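Participant: Pasting a structure below so you can have a look.
The values are calculated or read from the model by the stated rules, or taken from the named source; none is laboratory data. Since the structure is predicted, the reported quantities are computational estimates derived from the model, not experimental observations. Cβ coordinates were reconstructed from backbone atoms using ideal geometry, including for glycine residues, and neighbour counts include every protein chain displayed.
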Amino acid sequence: MKSHPFLRRGGLALALTVASFAGGLTACNKDLDRTPFYDLNTESVYKDPANYIKVLAKCYAGFNLSGNSGTPDVFAGQGKDEGETAYLRAYWYLQELTTDEAVVAWNSAPLQELNTASWTSTNDLINNCYTRIFYEVALCNEFIRETSDDKLSTRGITGVDADNARLDRAEARFLRALAYYHALDLYGNVPFVTEADAPSKALPHQTTRAALFAYVESELKAIEPALKTAHTSPYGRADQGAAWALLAKLYLNAEVYTGTARYTDCLTYCNKVLAANYRLAPEYRLLFLADNNVTSASEIIFPLESDGLVSQVYGGTTYLVHAAVGGRMLASGFGINGGWAGNRTRKNLPLLFPTPASGFDSRAMFFTNGQTLEINDLTSFTDGYGVTKWRNKTSTGANGNDPQQIFVDTDFTLFRLADVQLMYAEAVLRGGTGGTQTQALAYVNGLRDRAYGNAGGGTDGRITLAELTAPNFILDERGRELYWEGTRRTDLVRFGKFTTGYNWPFKGYSGPADTKAGHDIAAFRNLYPLPSTDLVANPTLVQNPGY
């Protein structure tokens with residue numbers, strides 16, 4: 001059964017006012033301006049080096065959990081679904097529900113706006129993700145500020161304790177860079193605050209997308225020598241491999257973010273990851289099971305950890321498992337006590353895979369019994385195939401840790417080796433230097449060998465160089481390998497297919513008089529809007545065009 005000691009050590013309620021965490025960020029709502037829950041203060045926590053790992057654990061947990069002990073970090077008392085405010089769930093909504101890979105049946109206006117690509121700046125779910133990102137930034141800023149060399153010296157923290165604190169600080173800087181990467185990818189020109197901006201009532205200034213790109217790039221490069229060697233940190237903690245993977249992803253999308261292609265730089269950092277001691281998990285399915293921290297640790301570069309006993313949340317993979325089960329699907333087969341009948345796929349995704357008559361790709365994890373390929377009713381769970389990818393079952397068939405089978409153990413694979421292999425191939429095909437098409441083909445066929453169960457020289461599913469270089473192959477292969485892993489919107493934008501030139505059911509749908517087949521939408525939707533609530537709170541912000 002799964003055990004996550006790092007998560008268990010992360011239960012310290014931060015001994016800082018949440019107002020100081022907010023650091024003046026108006027993106028976090030007024031509820032953050034409250035007194036501490038515990039009789040602690042900054043100095044009483046940070047004078048003891050043993051507390052540092054506990055506070056850092058909160059920064060890690062911010063990407064998955066909604067709060068401590070059932071108290072949400074954001075939006076408390078506002079009547080929101082707490083699970084929907086959790087970081088990973090909010091991020092997944094914006095990366096998947098707006099694409100050809102997923103659709104949700106729940107008849108809430110904000111969700112249906114995502115289903116139909118008709119969102120506005122008042123969409124509550126866009127606000128959830130935005131607020132979570134900047135709350136995470138604020139958490140990390142405070143930790144980074146309080147672990148500076150000057151602070152350590154003032155508190156008499158030296159030797160091994162100081163070295164450990166510096167490592168913790170580097171990891172917090174990675175986490176902040178990750179949050180800011182999500183901000184620049186989803187929202188573009190956003191508020192910007194670092195540890196240098198002491199908490200105050202001043203409104204944060206708005207930076208440009210290109211400037212934020214440069215900041216994330218510089219931060220990741222600066223912390224690279226301070227992090228542990230790739231694939232040597234305890235599972236779940238960031239090391240050089242995580243920083244390299246994020247840099248590769250940043251450079252792969254650089255032309256979208258800045259107007260300048262950086263594919264050679266992408267290959268530089270792909271090669272660093274590929275030269276480290278990562279290796280593909282032996283079976284694709286193992287990556288999405290409750291013991292993936294054991295069976296797939298060789299491939300997972302950076303996970304968001306889950307444990308059904310010690311990290312309970314209605315977001316994260318608890319959401320991904322439960323929300324995908326409905327209709328005739330048996331909840332017991334997924335290690336849960338019941339399905340939420342929400343998420344399924346639009347037809348574009350299953351149609352990326354071959355039929356059984358032409359070969360079997362084990363990545364095609366769909367439930368079809370009682371489900372239709374076509375979607376005629378967005379709110380009917382049986383319209384659209386079910387997706388069986390994420391489960392709360394171990395590789396041996398056991399359920400996860402939670403005896404009530406509510407909260408799951410399955411870790412979310414935020415960065416993994418297969419993604420890096422596909423990034424390498426794409427960067428080569430887009431003209432980057434530092435790689436070859438021959439090696440790109442080998443990396444892609446390595447993934448397809450696993451998918452088709454090739455052994456002893458088998459060639460089922462293998463492709464040729466001509467097939468690799470065919471239009472849309474890499475985009476389609478990323479869909480086959482990485483669906484429902486939070487990459488699809490970013491990929492479609494990079495390939496110029498998110499708004500125009502490629503459609504899926506109900507894309508841009510405006511009502512009964514509109515076509516359900518989907519159609520092009522306005523190009524401004526390549527970015528999400530800054531939430532209207534933040535524009536009111538900070539009048540210096542300028543909204544993204546089109547909203």
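Participant: Would you confirm, using the coordinates I've provided, whether LYS249 is out of contact with any Ser or Thr (no Cβ under 7 Å at 6 or more places or on another chain), closer than 21 Å to ALA275 by Cβ, in contact (Cβ under 8 Å) with a residue 12 or more places away in the chain and surrounded by fewer than 20 Cβ atoms within 10 Å (Cβ to Cβ)?
Facilitator: Taking the combined requirement at face value, the residue does not satisfy it.
Participant: Hey, another quick one. Determine which single condition SER200 fails, assuming it passes every other condition in (1) modelled with pLDDT of 95 or more; (2) of a type in the set (Ser, Thr, Tyr); (3) part of a loop (DSSP other than H, G, I, E, B).
Facilitator: So the condition that SER200 fails would be (1).
Participant: Here's a follow-up. Taking segment 267-279 as the search range and keeping residues that are surrounded by fewer than 19 Cβ atoms within 10 Å (Cβ to Cβ) and assigned to a loop (DSSP other than H, G, I, E, B), which one is modelled with the highest pLDDT?
Facilitator: Filtering segment 267-279 for residues that are surrounded by fewer than 19 Cβ atoms within 10 Å (Cβ to Cβ) and assigned to a loop (DSSP other than H, G, I, E, B), the one modelled with the highest pLDDT comes out as ARG279.
Participant: A further question on this structure: Do we have any residue at all in segment 357-373 that's touching a strand residue (DSSP E or B) at 6+ places or on another chain (Cβ under 9 Å), part of a loop (DSSP other than H, G, I, E, B) and among the hydroxyl-bearing types (Ser, Thr, Tyr)?
Facilitator: Yes; the residues of segment 357-373 include at least one that is touching a strand residue (DSSP E or B) at 6+ places or on another chain (Cβ under 9 Å), part of a loop (DSSP other than H, G, I, E, B) and among the hydroxyl-bearing types (Ser, Thr, Tyr).
Participant: Cβ-Cβ distance below 7 Å, separation of 6 or more or different chains: which pairs start in segment 227-240 with a residue that is of a type in the set (S, T, N, Q) and end on one that is assigned to a loop (DSSP other than H, G, I, E, B) and modelled with pLDDT of 95 or more?
Facilitator: Cβ pairs passing all conditions: THR229/ASP239; THR232/ASP239; SER233/ASP239; GLN240/LEU227; GLN240/LYS228; GLN240/THR229; GLN240/ALA230.
Participant: Tell me, please, whether a residue that is in contact (Cβ under 8 Å) with a residue 40 or more places away in the chain, touching a Phe, Trp or Tyr at 6+ places or on another chain (Cβ under 8 Å), more than 25 Å from THR355 (Cβ to Cβ) and among the hydroxyl-bearing types (Ser, Thr, Tyr) can be found in segment 519-528.
Facilitator: Scanning segment 519-528 turns up at least one residue that is in contact (Cβ under 8 Å) with a residue 40 or more places away in the chain, touching a Phe, Trp or Tyr at 6+ places or on another chain (Cβ under 8 Å), more than 25 Å from THR355 (Cβ to Cβ) and among the hydroxyl-bearing types (Ser, Thr, Tyr).
Participant: Is it the case that SER311 is among the hydroxyl-bearing types (Ser, Thr, Tyr) and either surrounded by 20 or more Cβ atoms within 10 Å (Cβ to Cβ) or in contact with a His (Cβ under 9 Å, 6 or more places away or on another chain) (or both)?
Facilitator: Yes; evaluated as a whole, the condition is true for this residue.
Participant: Check every one of the helices (runs of 4 or more DSSP H) wholly within segment 397-500 and list those with 1 or more residues that are over 20 Å from the mean Cα position of the chain (by Cα).
Facilitator: Filter on segment 397-500 gives 417-429, 437-452, 465-468, 473-482.
Participant: When residues of segment 144-159 are filtered for being under 23 Å from THR229 (Cβ atoms) and either over 27 Å from the mean Cα position of the chain (by Cα) or in a helix (DSSP H, G or I) (or both), how many remain?
Facilitator: 3
Participant: Being of a type outside the set (Phe, Trp, Tyr), surrounded by 21 or more Cβ atoms within 10 Å (Cβ to Cβ) and assigned to a helix (DSSP H, G or I) narrows it down to one of ALA162, ALA211, ALA177, so name that one.
Facilitator: Checking each option against the conditions leaves just ALA177.
Participant: I would also like to ask the following. Can you name every residue in segment 453-508 that is of a type in the set (Asp, Glu) and in contact with a Leu (Cβ under 7 Å, 6 or more places away or on another chain)?
Facilitator: ASP476, GLU477, GLU481, ASP491
Participant: Does LEU482 count as among the hydrophobic types (A, V, I, L, M, F, W, C), under 20 Å from THR413 (Cβ atoms) and free of Cβ contacts under 8 Å to residues at least 40 places away in the same chain?
Facilitator: no
Participant: Search segment 529-547 for residues being in contact with a helix residue (DSSP H, G or I) (Cβ under 8 Å, 6 or more places away or on another chain) and without any contact (Cβ under 8 Å) to a residue 60 or more places away in the chain, and hand back the single one that is farthest from LEU203 (Cα to Cα).
Facilitator: GLY546
Participant: While we're on this one: Go over the candidates THR382, THR413 one by one and state the one that is more than 23 Å from ASP514 (Cβ to Cβ), in contact with a Ser or Thr (Cβ under 9 Å, 6 or more places away or on another chain), in contact (Cβ under 8 Å) with a residue 24 or more places away in the chain and of a type in the set (Ser, Thr, Tyr).
Facilitator: THR413
Participant: Check segment 138-151 and report whether any residue there is crowded, with 23+ Cβ neighbours inside 10 Å, hydroxyl-bearing (Ser, Thr, Tyr) and touching a residue at least 24 places away in the same chain (Cβ under 8 Å).
Facilitator: Within segment 138-151, one or more residues are crowded, with 23+ Cβ neighbours inside 10 Å, hydroxyl-bearing (Ser, Thr, Tyr) and touching a residue at least 24 places away in the same chain (Cβ under 8 Å).
Participant: Here's another thing I want to ask about it. Just to be sure before I move on: is ALA323 within 24 Å of GLY67 (Cα to Cα), out of contact with any helix residue (DSSP H, G or I) (no Cβ under 7 Å at 6 or more places or on another chain) and either surrounded by 15 or more Cβ atoms within 10 Å (Cβ to Cβ) or of a type in the set (Gly, Ala, Ser) (or both) in the structure I sent?
Facilitator: Yes; evaluated as a whole, the condition is true for this residue.
Participant: Here is a list of conditions, (1) out of contact with any Ser or Thr (no Cβ under 7 Å at 6 or more places or on another chain); (2) within 22 Å of PRO110 (Cα to Cα); (3) hydrophobic (A, V, I, L, M, F, W, C); (4) modelled with pLDDT of 90 or more, and VAL55 meets all of them except one; can you say which number that is?
Facilitator: Of everything listed in (1) out of contact with any Ser or Thr (no Cβ under 7 Å at 6 or more places or on another chain); (2) within 22 Å of PRO110 (Cα to Cα); (3) hydrophobic (A, V, I, L, M, F, W, C); (4) modelled with pLDDT of 90 or more, VAL55 misses just condition (2).
Participant: Checking THR459 against (1) without any contact (Cβ under 8 Å) to a residue 60 or more places away in the chain; (2) surrounded by 13 or more Cβ atoms within 10 Å (Cβ to Cβ), which single condition isn't satisfied?
Facilitator: (2)
Participant: Could you look through segment 66-102, keep only residues that are at pLDDT 95 or above and in a loop (DSSP other than H, G, I, E, B), and pick out the one that is surrounded by the fewest Cβ atoms within 10 Å (Cβ to Cβ)?
Facilitator: Result: THR98.
Participant: Just give me the residues in segment 282-299 being of a type in the set (Gly, Ala, Ser) and surrounded by fewer than 22 Cβ atoms within 10 Å (Cβ to Cβ), in sequence order.
Facilitator: Of everything in segment 282-299, those that are of a type in the set (Gly, Ala, Ser) and surrounded by fewer than 22 Cβ atoms within 10 Å (Cβ to Cβ) turn out to be ALA297, SER298.
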